[in-house]
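Colleague: Got a structure for you, questions after.
The values are calculated or read from the model by the stated rules, or taken from the named source; none is laboratory data. Just so we're clear, the structure is a prediction, and the values are computed from it rather than from any experiment. Note that each Cβ is placed from the backbone with ideal geometry, even for glycine, and that neighbours are counted across all protein chains shown. Just the protein is used for accessible areas: all its heavy atoms, side chains included, with ligands, DNA and RNA removed. Shrake-Rupley method; radii C 1.70, N 1.55, O 1.52, S 1.80 Å.
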Amino acid sequence: MSIKNQWVLNILMMLLSWSALPLLGKGNIKRFFPATFLIGIIEILHARIGKKRKYWVFYNKTNSYTFGELPFNSGPFIFISLWTLKLAYGNFKKFILINALVHAFFAFPYTFIAKKVRYYTLVRFNNIQFFIYFFSKAFLLYWFQYLYENKNKVLNENSLNNTKK
């Protein structure tokens, strides 16, 4: 894939992801963004480690985080996290199923296509390891959201108790 085509794909991937933001609704964004932000930070750190250890490589020689992993982390990864929380938070089995399906799609057919068009390829990861690499973060995402919701519940209960006195 040419550098120009990779730039176009990166920009489209981010624009499509960000264009779905209004569909989530302001309340859902406000509710789910803190946990999504935390998991996004963890993914950025993991991507840096993965890049350094050559779990994957992008074919084009501009071997920068900004050109390779950033469009995935700031585009689809963030919005998949927001959408799965919106669609299934409160139903853990449904949440895990949605995450498994999305990450399986990314780890298998999408990665095969990416290799075929010379976008990126897995080097020290196989597809199953790549799936586990992403899927394991679903549990953290749910846990972060659970902690955030319980913290807010406790704060709201305390403020109600203080106003009643």
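Colleague: With axes computed from alpha carbons, what is the tilt in degrees of helix 78-88 against the longest principal axis of the chain, rounded to the nearest 10 within 0 to 90?
Modeller: 50
Colleague: Calculate how steeply helix 3-19 sits against the longest principal axis of the alpha-carbon atoms of the chain, using the helix alpha-carbon long axis, and give the answer as 0 to 90 degrees to the nearest 10.
Modeller: Taking Cα atoms only, the helix is inclined about 20 degrees.
Colleague: Now for a different question. What spacing in nm lies between the two simple spin-label points modelled at residue 8 and residue 105, each 7 Å away from Cα in the Cβ direction?
Modeller: The modelled label-to-label distance comes out at 2.3 nm.
Colleague: Just the Kirkwood number for the range 1-44, please: inverse of mean 1/r across all distinct Cα pairs, in Å, one decimal. Please report the intermediate quantities before stating the final value.
Modeller: Numbers: mean 1/r = 0.0815 Å⁻¹.
Its Kirkwood hydrodynamic radius stands at 12.3 Å.
Colleague: For the chain, what is the accessible area per residue in Å² when the probe is 1.4 Å?
Modeller: On the way: 10050 Å² over 165 residues.
Accessible surface, normalised per residue, equals 61 Å².
Colleague: In deg cm²/dmol and to the nearest 500, what is the mean residue ellipticity at 222 nm of the chain if only DSSP H runs of at least 4 residues count, each as -39500 (n - 2.57), divided by the residue total? Mind showing how you got there, number by number?
Modeller: Details: 7 runs with 117 residues, N = 165.
It comes out at -23500 deg cm²/dmol, rounded to the nearest 500.
Colleague: If you bin the C-alpha pair distances of the chain every 10 Å from 0, what whole percents do you get?
Modeller: 10, 35, 32, 15, 5, 3, 1
Colleague: Please provide three numbers in whole Å: the alpha-carbon extents of the range 82-121 along the principal axes, with the largest listed first.
Modeller: 39, 16, 10
Colleague: With all protein chains present, how much of the accessible area of the chain (probe radius 1.4 Å) comes from carbon and sulfur, to the nearest whole percent?
Modeller: Values: 6930 of 10050 Å².
Using a 1.4 Å probe with all protein chains present, the chain comes out at 69 percent carbon and sulfur.
Colleague: Please work out the Cα convex hull volume for the range 44-125 and give it in Å³ per residue. It would help to have the intermediate numbers written out before the result.
Modeller: Values: hull volume 8.0 nm³, N = 82.
Spread over its residues, the Cα hull of the range 44-125 gives 97 Å³ apiece.
Colleague: Sticking with this one: What nm distance separates the two modelled labels at residue 20 and residue 52, each placed 7 Å from Cα along Cα→Cβ?
Modeller: Going by the 7 Å Cα→Cβ label model, 3.1 nm.
Colleague: Between residue 117 and residue 147, what FRET efficiency comes out of the Förster formula 1/(1 + (r/R0)^6) with R0 = 35 Å and r the beta carbon distance, rounded to 0.05? Could the numbers behind the result be given before it?
Modeller: Working: r = 40 Å, r/R0 = 1.15.
The calculated FRET efficiency here is 0.30.
Colleague: While we're here: Across 5 Å bins from the origin, how do the percents of Cα pairs in the range 101-145 run, short distances first?
Modeller: Spelled out per bin, shortest first, that is 5, 23, 26, 21, 12, 8, 4, 1.
Colleague: Also, I was wondering about something else. Just from the alpha-carbon atoms, what are the Rg and Dmax of the range 1-86 in angstroms?
Modeller: For the range 1-86, the Cα-based Rg and Dmax read 14.1, 42 Å.
Colleague: While we're here: How much FRET efficiency would the formula 1/(1 + (r/R0)^6) give for residue 124 and residue 70, where r is the Cβ-Cβ distance and R0 is 30 Å, rounded to 0.05? Walk me through the numbers on the way to the answer.
Modeller: Values: r = 21 Å, r/R0 = 0.69.
Between residue 124 and residue 70 the formula returns 0.90.
Colleague: Peptides 131-138, 19-26, 115-122: what's the order by average Cβ count within 10 Å, highest mean first? Spell out each step's value before the answer.
Modeller: Numbers: 131-138: 17.2, 19-26: 11.6, 115-122: 15.2.
By packing density, highest mean first, the sequence is 131-138, 115-122, 19-26.
Colleague: Another question, then. Is there a quick way to get the dipole size of the chain? I mean about its Cα centre, with the Cβ of Lys and Arg at +1 and of Asp and Glu at -1; what is the value in debye to the nearest 20?
Modeller: On the way: 22 positive and 4 negative charges, 40 e Å.
Using only the charged Cβ atoms, the result is roughly 200 debye.
Colleague: Want the number for residue 42 to residue 91: 0.36 nm per residue separation, take away the alpha-carbon distance, what's left? Intermediate values should be presented prior to the final figure.
Modeller: Values: separation 49, 0.36 × 49 = 17.64 nm, distance 2.35 nm.
Gain on stretching residue 42 to residue 91: 15.3 nm.
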